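Presented below is the structure to which this report refers.
Bear in mind that the values in this text are calculations on the coordinates, not laboratory data. Just so you know, these numbers come straight off a predicted model, no measurement behind them. Methodologically, a virtual Cβ is constructed for each residue, glycine included, from the backbone with ideal geometry; neighbour enumeration extends over all protein chains shown.
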């Protein structure tokens, strides 16, 4: 494609195509978007973040997709979100208002080594690609590698398991880069980490059953967001804290971000309910992205209307 | 290149906590090479597991012997991946 208008949003793409898309989008909209490289993956790939900004010193909203490599629907949705933001800024009053007050940071391929590996060697790969000393098994679960509840029973200490937590918190450069970014930014108000599948919207905690101090507000906001999501294609979501809705999970992203003071910390599980799993057909990319966007907007608008 | 010929994804529906515990024991059998897409945690949630072809008989026997309900969610993972690949190639051509 010569422009992002020609880009095929209804298909899955390789990493190089996604990187080209990002560069093209930035070039077309350099008054609104810039690309930040927050670090490098283990295999030396840039960790690219799109920054949508209309002014200086704004609080921020973070969205990441693709942290689990095989969850292809999430970067596919992230690409669509990026174009949607460009299309709607200046046209949609709510999004315009959000962007006039907040920056949006979007990391479309959070685990690029893993994503590349799913395109070349193993479509069902989930983890990072860093070798584990003393083991023939490669990689760490990037959603067990955060420094809140790290190493607890809701993660595995076996490098051969899909939920291996890694040798230490932030051992994975893909995670360390986000941690450093969050700390250096210091003013993120919302953190949305997008996974698939099973149709859930989850908030902290995963590592303990003690309710988060903002549980009532987070729960009500999740209800509104999932209702809005369902309004488009009748996709039903469940919602709640991670530990009560699915299972104990230790060292997960949003527990760490919440304990850093980012109140609106959520993780999504996008479609589907059990026909395709991680191999969701490409013809469902657009409906998934469209419905998810509605929920994202509810959370972002709530953030704007409820400063803290 | 890893292939998934003959791998199936089973959606298992446990009826009670005892069956959940049985599924947890099953998932810890490293030699079966199971890939838990949704882990056994509570009877209200399904368990999705990718089972390599070589382990299918053992897993299905285990489920049958313990009266644990399941259905085949994906008949052959490789077929689905090939289909995905075809779509992507077609898209590249376009």
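Among the residues of the range A:177-219, those that are under 16 Å from the mean Cα position of the chain (by Cα), surrounded by fewer than 23 Cβ atoms within 10 Å (Cβ to Cβ), more than 14 Å from every other protein chain (Cβ to nearest Cβ) and outside any strand (DSSP E or B) comprise A:177, A:179, A:181, A:182. Can residue B:23 be described as outside any helix (DSSP H, G or I) and over 28 Å from residue A:9 (Cβ atoms)? It is false that residue B:23 is outside any helix (DSSP H, G or I) and over 28 Å from residue A:9 (Cβ atoms). Checking the structure you have, find out if any residue of the range A:113-123 is closer than 21 Å to residue A:38 by Cα, touching a strand residue (DSSP E or B) at 6+ places or on another chain (Cβ under 9 Å) and away from chain B (no Cβ under 14 Å). No, because not a single residue in the range A:113-123 is closer than 21 Å to residue A:38 by Cα, touching a strand residue (DSSP E or B) at 6+ places or on another chain (Cβ under 9 Å) and away from chain B (no Cβ under 14 Å). Determine whether the range B:68-91 contains at least one residue that is over 30 Å from residue A:9 (Cα atoms), free of Cβ contacts under 8 Å to residues at least 12 places away in the same chain and not in a strand (DSSP E or B). No, the range B:68-91 has no match at all.
Residues in the range A:188-216 that are in contact (Cβ under 8 Å) with a residue 24 or more places away in the chain and farther than 26 Å from residue A:75 by Cβ: A:205, A:207, A:208, A:209, A:211, A:212, A:214, A:215. Would it be correct to say that residue B:50 is at the interface with another protein chain (Cβ under 10 Å from one of its Cβ atoms), surrounded by fewer than 17 Cβ atoms within 10 Å (Cβ to Cβ) and not in a helix (DSSP H, G or I)? Considered against the rule, which asks whether it is at the interface with another protein chain (Cβ under 10 Å from one of its Cβ atoms), surrounded by fewer than 17 Cβ atoms within 10 Å (Cβ to Cβ) and not in a helix (DSSP H, G or I), residue B:50 comes out as no.
Considering A:132, A:145, the condition of being more than 13 Å from every other protein chain (Cβ to nearest Cβ), surrounded by fewer than 20 Cβ atoms within 10 Å (Cβ to Cβ) and either in contact with a strand residue (DSSP E or B) (Cβ under 7 Å, 6 or more places away or on another chain) or touching a residue at least 60 places away in the same chain (Cβ under 8 Å) (or both) is satisfied by A:132 alone.
So, restricting to strands (runs of 3 or more DSSP E) that lie completely within the range A:15-101, which ones have at least 2 residues that are more than 23 Å from residue A:195 (Cβ to Cβ)? Spell out how you get there, then give the answer.
On the way: elements: A:33-40, A:46-52, A:60-65.
Output list reads A:33-40.
When residues in the range A:220-253 are screened for being assigned to a helix (DSSP H, G or I) and crowded, with 17+ Cβ neighbours inside 10 Å, 10 of them pass.
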